[in-house]
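Single-structure report; data block below.
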Amino acid sequence: MRSSARLSEPWPKLSEDVRLDPDHSIDPEVLLGYLPCRRIGDYTLVIGPGARIRSGTVIYAGTTIGAHLETGHNVVIREENTIGDGFSIWNNSVIDYGCTIGCRVKVHCNVYIAQFTVIEDDVFLAPGVTVANDPHPGCPFSKECMRGPVIKRGAQIGVNATLLPFITIGERAVIGAGSVVTKDIPAGVVAYGNPARVVKPIDSVPCPLGIVDRPYIEDRDVRTRERFGI
């Protein structure tokens, strides 16, 4: 493995159960395959090709990550997560265990994603987003019903938003900065506030700089339209 990989000295710490594809770049002071305290069924850590993993990152055993992972510094990705291709996660962010994350998801700095959260393709989480999963903290049975939200394809979550357990955020919805989302949000809308309320469809949002007429057309942002030739 070392002969085919570009690894900075000193070598990152790799456990025996790490499957790391060639053509990757890993900083010093990275820990891959960290063993969790709790028992899990499979301790193999799989990371696809083209990974860029920066110093301070810790990725636990038992997680599977697709191609072109990119981390910032001091990122923690816990065990039993399944993560798709093109995933980027920036400084000081944490993904707790048991999450399912799609392709081309972007997680900015200082984000916490709680256990058993589902994030579909093309979602963006801005700095400081917090995801909760416990509907009644402190209850001795809270572990049995713990579940994070479902964030559907293409949703955009603003700075310092808080997402409570069990909710669903619809496809390509936009959640405003500082919102507390306590109920389901439908697809293709802008919602904000505490608690977050639907304000308008995203098709009606103007570009404040006039670069494009509308950032969202038929619930699709500019980048998505370019990718699909719309």
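The numbers here are math on the coordinates, done by the rules we state, and not lab data. Because the structure is a prediction, the values reported are computed rather than measured. Don't worry about glycine lacking a Cβ; one is built from the backbone with ideal geometry, like all the others, and counts go over all protein chains shown.
Counting only Cβ charges, +1 for Lys and Arg and -1 for Asp and Glu, the dipole size of the chain around its Cα centre is about 340 debye.
Note on the chain: antiparallel DSSP beta bridges, both residues inside, total approximately 10 percent of the bridges counted. Here the Debye sum runs over all C-alpha atoms of the chain as equal scatterers in vacuum, and log10 of I(q)/I(0) at q = 0.11 Å⁻¹ comes out as -0.58.
For the chain, the mean residue ellipticity at 222 nm estimated from helices alone is -1000 deg cm²/dmol, where every DSSP H run of n ≥ 4 contributes -39500 (n - 2.57) and the total is divided by all residues, rounded to the nearest 500.
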